[in-house]
């Protein structure tokens, strides 16, 4: 009996520790995974949460819990709580959920970003008024960003001898596009690093 219990503990650790090696697989490969189905579905749920798709994230974690052993379900529920808090833009709930999960929580900057995302793109459960407010915020933000780009280009053009209004508008738009693209690239790289760190922390807790 003792030997059987040891084998079950080793197998349990293998299920959740497998998440680290499964992280590199595509969504299609994870959907087809059978040996570590619970881990694969949990990863798919976390990925859906990062796309702010709460409905898909919840469905994946339900399948993960159904495929998991009783000893694994507490950790998976904690993962689900953290992922759903992210998907639904609930910054404070995300902080508490990551603390219970035992992984590094969001930074202050990430918390502010998630709260802003909750205002700009609230979940469907937030209601019509919240979504209208988000659209208005996006429109105002776009106008302000374009105005800032136009102003910066106008200052540079003034120092260089001047440009026509059309060229200032064009280069102001180009500047905004470049800045947004660079920020998106940096944000994506940080997100990937955070994903890798979370997977490593989860694996180390289950060894």
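Derivation of every value follows stated rules applied to the coordinates shown; laboratory data play no part. All of these numbers come straight from a predicted model, not from anything done at the bench. Methodologically, a virtual Cβ is constructed for each residue, glycine included, from the backbone with ideal geometry; neighbour enumeration extends over all protein chains shown.
Could you list all residues from the range 102-121 that are surrounded by 13 or more Cβ atoms within 10 Å (Cβ to Cβ) and either over 29 Å from residue 75 (Cβ atoms) or touching a residue at least 40 places away in the same chain (Cβ under 8 Å) (or both)?
Taking the range 102-121 as the starting set, the residues that turn out to be surrounded by 13 or more Cβ atoms within 10 Å (Cβ to Cβ) are 103, 105-106, 110-111, 113-121.
103, 116, 117, 119, 120, 121 - these are the residues of the range 102-121 that are surrounded by 13 or more Cβ atoms within 10 Å (Cβ to Cβ) and either over 29 Å from residue 75 (Cβ atoms) or touching a residue at least 40 places away in the same chain (Cβ under 8 Å) (or both).
Residues that are under 24 Å from residue 131 (Cβ atoms), buried (at least 17 other Cβ atoms within 10 Å of the Cβ) and within 17 Å of the chain's Cα centre (by Cα) are absent from the range 34-41 altogether. The sole residue among 78, 58, 73, 90 that is in contact with a helix residue (DSSP H, G or I) (Cβ under 9 Å, 6 or more places away or on another chain) and surrounded by fewer than 17 Cβ atoms within 10 Å (Cβ to Cβ) is 73. Is it the case that the range 33-51 has a residue that's in contact (Cβ under 8 Å) with a residue 40 or more places away in the chain, assigned to a helix (DSSP H, G or I) and farther than 25 Å from residue 184 by Cβ? No, there is no match, as no residue in the range 33-51 is in contact (Cβ under 8 Å) with a residue 40 or more places away in the chain, assigned to a helix (DSSP H, G or I) and farther than 25 Å from residue 184 by Cβ. The set of residues in the range 140-151 that are more than 27 Å from the chain's Cα centre (by Cα) and loosely packed, with under 15 Cβ neighbours inside 10 Å comprises 147, 148, 151.
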